[in-house]
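What follows is a set of notes on a single structure, which appears directly below.
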Amino acid sequence: MTEMGRALRTKLRRTPEEVAHRRQQMNEAFPEAMVHFPAALLHAVPCIPDKDDRHVLAAAIMSRANCIVTQNTKHFPKECLDQFGVLCQTADDFLVRQYHLSGNVVLEKIDNQAAGIGQTREYIVSSLRASASQFCKLLERHIL
């Protein structure tokens with residue numbers, strides 16, 4: 001959440017009030033995403049090369065997540081994650097897999113997101129294209 005707040009402020013030039021609002025909205029919408037872990041766990045995962053990324057694996061371990069989704073996959077070496085039964089996937093790979101597991105559920109979620117902001121499925125797909133191009137190709141056949 002700290003990293004997200006910093007990115008909103010520095011990259012998107014959001015005000016502290018906007019950042020606080022976003023954080024509150026995220027916490028209210030998905031409270032189970034807040035994972036606490038003992039600080040000692042950060043020292044137990046030295047195979048993550050960037051110490052500032054170790055909290056991500058620590059959170060995955062504590063929450064029993066089987067996948068870390070990031071565009072920065074090189075910071076999470078496979079041989080390290082294998083020790084903990086955790087995969088690392090890009091957003092595109094993750095979304096493609098979710099689509100193949102349950103395409104109708106994925107389409108429903110995209111439609112719900114679109115409706116929530118007064119937009120269409122096509123709008124959501126176009127906004128994802130830069131970071132999830134293969135996923136968007138799968139969805140294009142479902143755009144009316």
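The values are calculated or read from the model by the stated rules, or taken from the named source; none is laboratory data. Treat the numbers as computed from the prediction; the structure is a model and nothing was measured. Virtual Cβ from ideal backbone geometry, glycine too; neighbours counted across all protein chains shown. Note: areas computed on protein heavy atoms with side chains; ligands, DNA, RNA excluded. Shrake-Rupley method; radii C 1.70, N 1.55, O 1.52, S 1.80 Å.
From the list Q119, Q134, the one residue that fits, being under 25 Å from T73 (Cβ atoms) and modelled with pLDDT of 95 or more, is Q134.
For region 43-62, the tally of residues that are within 19 Å of the chain's Cα centre (by Cα) and either surrounded by 14 or more Cβ atoms within 10 Å (Cβ to Cβ) or touching a residue at least 60 places away in the same chain (Cβ under 8 Å) (or both) stands at 10. Pick from region 113-135 the residues that are among the polar types (S, T, N, Q) and in contact with a helix residue (DSSP H, G or I) (Cβ under 6 Å, 6 or more places away or on another chain): which of them is most open to solvent (accessible area, probe 1.4 Å)? Only one residue fits best here, namely Q113.
Here is a yes/no grid of residues against (1) open to solvent by 60 Å² or more (accessible area, probe 1.4 Å); (2) at pLDDT below 95; (3) closer than 22 Å to C67 by Cβ:
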site: R97; (1), (2), (3): yes, no, yes
site: V106; (1), (2), (3): no, no, yes
site: D111; (1), (2), (3): no, no, no
site: L139; (1), (2), (3): no, yes, yes
site: L144; (1), (2), (3): yes, yes, no
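Within region 128-144, the set of residues being assigned to a helix (DSSP H, G or I) and touching a Lys or Arg at 6+ places or on another chain (Cβ under 7 Å) comprises C136 only.
To keep it simple, each residue is scored yes or no on (1) assigned to a helix (DSSP H, G or I); (2) within 19 Å of R54 (Cβ to Cβ).
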residue: E79; (1), (2): yes, yes
residue: F84; (1), (2): no, yes
residue: D93; (1), (2): yes, no
residue: R97; (1), (2): yes, no
residue: N104; (1), (2): yes, no
residue: L107; (1), (2): yes, no
residue: A114; (1), (2): yes, no
residue: S126; (1), (2): yes, no
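Inspect region 24-42 for any residue being in contact with a His (Cβ under 7 Å, 6 or more places away or on another chain) and open to solvent by 40 Å² or more (accessible area, probe 1.4 Å) and give the result as yes or no.
yes
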